Amino acid sequence: MLDEQRKAQKRKTIYRVSIPAELSETGKRQNRYFTTQREGNAFAAQVRRRRNAEDGSVFQVSASEAQLLREAQHILEPYGLDVFVVIKELAPLLEQVNDISEIRRLVRMGMEQEKRDSKSIPFCDAVSKLLEVKQHIQKRREKHTCPDC
């Protein structure tokens with residue numbers, strides 16, 4: 001760029017086009033120098049066409065939206081999740097239920113059921129324990145009713 005600027009200065013006819021960082025190819029603010037205004041305007045039009053073509057695939061996020069995204073990411077950080085993953089997983093639920101408060105209610109119900117399930121022992125273990133107690137009681141009865149004892 002510096003060489004381009006020096007060449008333009010030597011020609012004495014300088015027309016400068018200032019390119020903002022968001023439109024520049026390097027992501028930094030740039031100045032381009034041209035011998036004539038026509039060349040500069042043609043270049044500026046080319047930059048605008050490129051920006052307009054990109055606008056169809058890229059969208060602008062306002063400062064408040066960006067702040068909300070940062071806050072959401074901060075909330076999810078301790079769980080090792082990012083906003084995109086959560087949205088991707090939540091979207092199918094929203095399609096089925098279509099109400100975030102209903103999803104919240106269903107999750108609470110599931111958590112309460114999980115607590116109940118974790119407090120009680122599995123059915124197989126309960127049956128085994130019942131059989132053990134039954135055998136123990138039967139042995140005690142036999143011991144007390146046995147005439148030889």
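The values are calculated or read from the model by the stated rules, or taken from the named source; none is laboratory data. Model, not experiment: these values are computed from the prediction. Reconstructed Cβ throughout: ideal geometry from the backbone, glycine too, with neighbour counts over all protein chains shown. Heads up: the accessible areas ignore ligands, DNA and RNA and are worked out on the full protein's heavy atoms, side chains in. Shrake-Rupley method; radii C 1.70, N 1.55, O 1.52, S 1.80 Å.
Quick notes on this one:
- Taken as a whole, the structure leaves Gly110 outside the set of residues that are closer than 30 Å to Tyr15 by Cα, open to solvent by less than 70 Å² (accessible area, probe 1.4 Å), out of contact with any Cys (no Cβ under 6 Å at 6 or more places or on another chain) and in a helix (DSSP H, G or I).
- Qualifying residue in the stretch 49-72 (condition: charged (D, E, K, R), closer than 30 Å to Ile87 by Cβ, open to solvent by 100 Å² or more (accessible area, probe 1.4 Å) and at pLDDT 80 or above): yes
- Flag for Asn41 being in a helix (DSSP H, G or I), of a type in the set (S, T, N, Q) and touching a Phe, Trp or Tyr at 6+ places or on another chain (Cβ under 9 Å): yes
- Applying a threshold of 7 Å to beta carbon distances and a minimum spacing of six or more residues, or different chains, the list of pairs starting in the stretch 106-125 at a residue that is of a type in the set (Val, Ile, Thr) and ending at one that is open to solvent by less than 80 Å² (accessible area, probe 1.4 Å) is empty.
- Flag set for Leu131, criterion: free of Cβ contacts under 8 Å to residues at least 60 places away in the same chain, over 23 Å from Ile19 (Cβ atoms), over 43 Å from the mean Cα position of the chain (by Cα) and open to solvent by less than 100 Å² (accessible area, probe 1.4 Å).
- Failed condition for Leu90, given (1) over 30 Å from Ile19 (Cβ atoms); (2) over 18 Å from the mean Cα position of the chain (by Cα): (2)
- Annotation note: Cβ proximity below 7 Å between a residue of the stretch 63-83 that is in contact (Cβ under 8 Å) with a residue 60 or more places away in the chain and a residue that is open to solvent by 100 Å² or more (accessible area, probe 1.4 Å) and assigned to a helix (DSSP H, G or I) (sequence gap 6+ or interchain) occurs for no pair.
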